[in-house]
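What follows is a single structure, written as structure tokens, with notes after it.
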Amino acid sequence: MNLNPKALGLTFGLLAGAVWLVLMAVSLTTGFLDQTVQAVGGLHPGFSYTWGGMFWMAAAHLFAGFVWGYAVALAYNKFNK
């Protein structure tokens with residue numbers, strides 16, 4: 001069985017982007033886990049703890065998740081032969 005790299009990449013990317021979008025939205029509106037989000041977000045280039053930063057992080061994780069998912073599918077397909 002082979003994995004579809006585009007499908008797995010989109011799945012990883014959408015999940016990663018959605019998690020950051022929801023996590024930062026909850027943190028910005030309620031203050032829940034704000035120190036944790038700021039600490040982990042500080043490891044990312046261009047991070048800011050603002051509403052604009054929330055969309056930037058969601059987009060960055062969408063892209064990074066796609067790349068990771070695509071690479072995982074390619075590696076799986078290569079070693080599954």
Could you give the DSSP H helices of the chain that reach 24 angstrom or more along their long axis (alpha carbon positions) and whose average Kyte-Doolittle hydropathy is no lower than -0.5? 5-30, 51-79
Specify the residue with the greatest mean-square fluctuation among A71, A39, A16, computed from a Gaussian network of the chain linking alpha-carbon atoms under 10 Å apart. A39
Would you mind checking which residues have amide H under 5 Å from L3's amide H? H placed 1.01 Å from N; only 5 or more apart, or other chain. N77
Mean ellipticity per residue at 222 nm, deg cm²/dmol - from DSSP H runs of n ≥ 4 across the chain, formula -39500 (n - 2.57): -27000 deg cm²/dmol
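Values in this text are rule-based calculations from the coordinates and carry no lab data. In this text, all values refer to a predicted model and were calculated from it rather than measured experimentally.
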